[in-house]
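Below: one structure, written as structure tokens.
The values are calculated or read from the model by the stated rules, or taken from the named source; none is laboratory data. Please read these numbers as outputs of a predicted model, since none were measured by experiment. Here the Cβ is made from the backbone with ideal geometry for all residues, glycine too, and neighbour counts use every protein chain on show. Note: accessible area is taken over every heavy atom of the protein model, side chains too, but ligands, DNA and RNA are not part of it. Shrake-Rupley method; radii C 1.70, N 1.55, O 1.52, S 1.80 Å.
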Amino acid sequence: MSELSFEQMLEESLKTIRTGEVVTGTVIGVKEDEIILNIGYKSDGIVTKNEYTNDSSVDLTSVVHVGDEMEAKVLKVNDGEGQVLLSYKRLAVDRGNKRLEEAFNSGEVLKAKVVQVLDGGLSVNVEGARVFIPASLVSDSYEKNLDKYADQEIEFVITEFNPRKRRIIGNRKQLLLAKKAEMQKELFARIEVGQTVEGIVKNITDFGAFIDLGGADGLLHISEMSWGRVENPKKVFKVGEEIRAFIKDINGDKIALSLKFPEENPWLKAAENYAVGNIVSGRVARMTDFGAFVELEPGIDALLHVSQISRQHVEKPSDVLSIGQEIEAKVVDFNGEDKKISLSMKALENPVAAEPEDEDYTEE
């Protein structure tokens with residue numbers, strides 16, 4: 001029986017390694033772009049900068065030190081120079097992928113920091129593995145600019161997992177919709193017609209404004225914005241503004257809002273303020289051929305008939321009046337039931353003495 005040489009015994013005492021295996025080693029040397037590990041093998045292990053991180057600006061000497069212990073994945077047992085080529089980055093990705101696979105199978109909600117804002121979505125990192133969240137799955141509404149998510153921690157679920165094709169898709173929209181549905185359920189359980197609510201102006205259109213009530217949007221129609229007349233909602237409200245309104249109607253999942261609080265109805269005191277004989281002032285709001293409508297206050301318009309504009313003959317109101325003009329007149333008729341008020345400017349004019357008619361003289 002032949003005796004083994006010292007070199008042979010030493011070699012047999014060292015472990016064997018295979019490509020793809022995970023090994024643990026001690027850092028015995030660090031350069032700016034390379035880490036040298038003692039992995040208990042006949043050759044040292046090498047981790048290049050590219051196999052440590054994707055960040056090209058990192059100086060390895062500042063993040064790794066001699067004596068540190070590291071785990072790495074074997075890429076090649078012999079890199080051509082007798083050394084073992086290792087990867088720290090790929091091991092982290094493998095472990096991250098395993099974590100993501102578990103989350104995908106269980107439906108677990110993950111939370112991670114946005115590391116990159118791309119044209120088509122967001123990129124987040126989960127324990128070294130990259131997850132892409134397409135723009136269409138970032139929010140429950142369209143967002144043109146995703147820059148606000150940079151460096152933000154966001155929650156999402158994994159809805160597609162295929163690491164071989166490098167396709168791991170995250171979905172934030174699903175969580176937002178689920179949360180919104182729950183909030184909507186809670187909202188409808190506690191609101192009722194006539195109740196006063198607070199909300200935030202979410203969107204403004206020509207016909208009204210949509211108010212976020214926290215779980216559902218309510219529509220504040222242009223006709224319900226004021227007891228007076230509103231021509232353009234965008235001149236009255238701003239997106240993000242907080243408002244207080246009351247629920248006028250609930251029809252399924254549709255909520256109609258109003259700012260015309262019954263106790264603020266101007267007609268409640270109209271009989272006193274605009275009694276026949278009272279002299280009032282107002283603004284010409286609109287005109288027709290037969291007269292002008294004068295806004296006495298928001299919600300109360302009165303008719304100034306063309307025959308009551310002046311003792312002088314007036315063909316049509318626009319000949320002597322203009323929209324927005326402030327006028328003073330006397331109330332000559334009040335009908336609270338039909339909400340009609342008639343005015344007269346003529347009644348405030350001094351009577352003009354009748355001029356003698358021209359006599360017809362004939363020569364004899």
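A few points about this structure:
- Positive-pole candidate from LEU257, SER310, MET225, dipole of region 195-323, charges at beta carbon: SER310
- The loop-placed GluC sites (Glu not before Pro) in region 260-341, going by DSSP, that have at most 15 neighbouring Cβ atoms within 10 Å of their Cβ come out as GLU315, GLU337.
- Over 24 Å (Cα to Cα) - which of LYS235/LYS260; LYS113/LYS173; LYS180/LYS234; LYS202/LYS234; LYS148/LYS202 fall in this group: LYS180/LYS234
- Counting only chymotrypsin sites (Phe, Trp or Tyr not before Pro) that DSSP places in a loop and that have at most 14 other Cβ atoms within 10 Å, the longest clean stretch of the chain runs over 1-141.
- Simple label model, 7 Å out from Cα along Cβ direction - ARG167 to LYS260, nm: 5.5 nm
- Each residue, VAL193 and ALA271, gets one label point 7 Å from its Cα in the Cβ direction; the gap between the two is 2.7 nm.
- Between helix 173-190 and the chain there is an angle of about 40 degrees, using the helix long axis and the longest principal axis of the Cα atoms.
- Rough spin-label spacing in nm, given labels placed 7 Å along Cα→Cβ, for ASP333 and ASP249: 3.2 nm
- C-alpha long axis of helix 88-106 to longest principal axis of the chain, angle in °: 50 degrees
- Per residue accessible area in Å² of the chain, where ligands, DNA and RNA are left out and the probe is 1.4 Å: 63 Å²
- Placing +1 on the Cβ of every Lys and Arg and -1 on the Cβ of every Asp and Glu, with no other charges, gives region 218-264 a dipole of roughly 180 debye about its Cα centre.
- Considering only ASN251, ASN125, ASN105, the Gaussian network model of the chain with Cα springs below 10 Å gives its largest mean-square fluctuation to ASN251.
- Think of region 42-112 as a dipole: +1 on every Lys or Arg Cβ, -1 on every Asp or Glu Cβ, centred on the Cα centre; then among VAL84, ASN54, ASN105, ASN105 lies furthest on the positive end.
- When its C-alpha radius of gyration is set against 2.2 N^0.38 Å (N residues), the chain gives a value of 1.98.
- Surface composition of the chain: carbon plus sulfur atoms hold 46% of the accessible area, using a 1.4 angstrom probe and ignoring ligands, DNA and RNA.
- When the P(r) of region 118-277 is calculated, the portion above 22 Å amounts to 58% of the C-alpha pairs.
- Each Cα pair of region 19-132 feeds into the Kirkwood radius, which the Stokes-Einstein equation turns, at 37 °C and 0.692 mPa s, into a diffusion coefficient of 214 µm²/s.
- Selected from VAL30, VAL63, VAL239 as most flexible by GNM, with the chain as the system and alpha-carbon contacts under 10 Å: VAL63
- The amide H of PHE237, built 1.01 Å from its N in the peptide plane, has no neighbour under 5 Å, considering only residues 5 or more places off or on other chains.
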